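**Student:** My questions will all concern the structure given below.
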Amino acid sequence: MRRRPASGRDDEMLTRPPLVRGIERDSVVVLYSGGSDSTWAAIKAYDKRRRVQLLTMTRLGLLHQEHVADQVGKLKRFFGDHDAFAHRSVPCDKLFRFILYENYLPNLLRYGSLLLSHCGLCKLAIHWRALLFCLENGFTNVWDGAVRIARAYPERSQAIMIEALTRLYARYGIAYETPVYEQGEAVPRALHEIGFHRRADVEGTGDDRRIICSQRILFSMFLRWYLPKGSFEDYELDMAAFYRAKFSLIEAMTDAYLAGAEGADRLARLVES
């Protein structure tokens, strides 16, 4: 049996109301990079809800961020509905650097080279800022374009991040979904079949309008070195332990921030708009 804290409150089920009164229950926030996976998620959100808030996080090191506006315009033209897709770009530089470097030396001693998993840590910062955006604006549904393929990327692994993200969002009354997770490599073909893409495979072509991370090659090099050291299951277990510490910190800082408790300014200084 799970033991409750001394306060009698089950902290794992803690929820707080949004910071604003208006609750956008009929809208979906889609984390949007302009790529095929997040575009397909946005289309699914439109089919289901008709009101979609596209949310793009920006920071140094992300290339072709200007392409996102082109893709948003293309979505509006494709459906002939210019009111259905709202778009916001929000910087997350400070949150990303904090996630990377907080408690760095103790983490380095405990987790070693896992600190090089920049791709997952970047996505963690993105989701943290998305969580705060939802609380600030009254949204209760968040989708992204995570897919099952390439599960070495933490944000695509159920064991490392997806299950933990689901719990994190639920803690604050927000539903997190990955609606295209099982489609994987079929997503570009699906976009081609409905006429959104001119070809079935757009990666590396002029139709590829996604944001590109200049640091992704570093994570790829880390994987080539780390994965042969053991089984993939061992990799997921090791990485999940590292990310649990990050999620615990995010929960503690977010709770303090929302409650206006001691230490609330620590997160307030990191939130950019």
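The values are calculated or read from the model by the stated rules, or taken from the named source; none is laboratory data. Nothing here was measured: the structure is a model prediction, and the numbers come from that model. Here the Cβ is made from the backbone with ideal geometry for all residues, glycine too, and neighbour counts use every protein chain on show.
**Student:** Between a residue in region 137-153 that is free of Cβ contacts under 8 Å to residues at least 24 places away in the same chain and assigned to a strand (DSSP E or B) and any residue that is surrounded by 19 or more Cβ atoms within 10 Å (Cβ to Cβ) and of a type in the set (A, V, I, L, M, F, W, C), which pairs come within a Cβ distance under 7 Å, given they are 6 or more apart or on different chains?
**Tutor:** That search, which allows pairs on different chains as well, returns nothing.
**Student:** Going by the conditions given, is Ala164 at pLDDT 90 or above, surrounded by 14 or more Cβ atoms within 10 Å (Cβ to Cβ) and within 18 Å of Arg129 (Cα to Cα)? Write out each step before concluding.
**Tutor:** Numbers: at pLDDT 90 or above: yes; surrounded by 14 or more Cβ atoms within 10 Å (Cβ to Cβ): yes; within 18 Å of Arg129 (Cα to Cα): yes.
Yes; evaluated as a whole, the condition is true for this residue.
**Student:** Moving to a separate point now. Would you be able to say whether some residue in region 69-85 is under 16 Å from the mean Cα position of the chain (by Cα) and either surrounded by 20 or more Cβ atoms within 10 Å (Cβ to Cβ) or of a type in the set (A, V, I, L, M, F, W, C) (or both)? Give the derivation first.
**Tutor:** Quick first cut of region 69-85, residues under 16 Å from the mean Cα position of the chain (by Cα) only: none.
Within region 69-85 (the criterion being under 16 Å from the mean Cα position of the chain (by Cα) and either surrounded by 20 or more Cβ atoms within 10 Å (Cβ to Cβ) or of a type in the set (A, V, I, L, M, F, W, C) (or both)), the answer is no, since none of the residues qualifies.
**Student:** Quick check on my filter: what residues within region 172-204 are at pLDDT 95 or above and touching an Asp or Glu at 6+ places or on another chain (Cβ under 7 Å)?
**Tutor:** Thr178, Val180
**Student:** Let me ask something else about it. Quick check: anything in region 218-235 on the phi > 0 side of the Ramachandran plot and modelled with pLDDT under 85?
**Tutor:** No, the conditions are met nowhere in region 218-235.
**Student:** Please state which of the following conditions Asn103 fails to meet, knowing it meets all the rest: (1) at pLDDT 80 or above; (2) of a type outside the set (Val, Ile, Thr); (3) surrounded by 14 or more Cβ atoms within 10 Å (Cβ to Cβ); (4) farther than 18 Å from Ile174 by Cβ.
**Tutor:** Looking at each condition in turn, Asn103 falls short on (3).
**Student:** Scan region 228-273 for residues that are more than 21 Å from Arg167 (Cβ to Cβ), among the acidic types (Asp, Glu) and surrounded by 11 or more Cβ atoms within 10 Å (Cβ to Cβ) and report the count.
**Tutor:** Final tally of qualifying residues: 3.
**Student:** Check Tyr169 against each of (1) part of a loop (DSSP other than H, G, I, E, B); (2) modelled with pLDDT of 95 or more and name the one condition it does not meet.
**Tutor:** (1)
**Student:** Give the residues of region 24-47 that are out of contact with any helix residue (DSSP H, G or I) (no Cβ under 9 Å at 6 or more places or on another chain), at pLDDT below 90 and farther than 13 Å from Ala175 by Cα, sorted by residue number.
**Tutor:** Hits for region 24-47: nothing passes.
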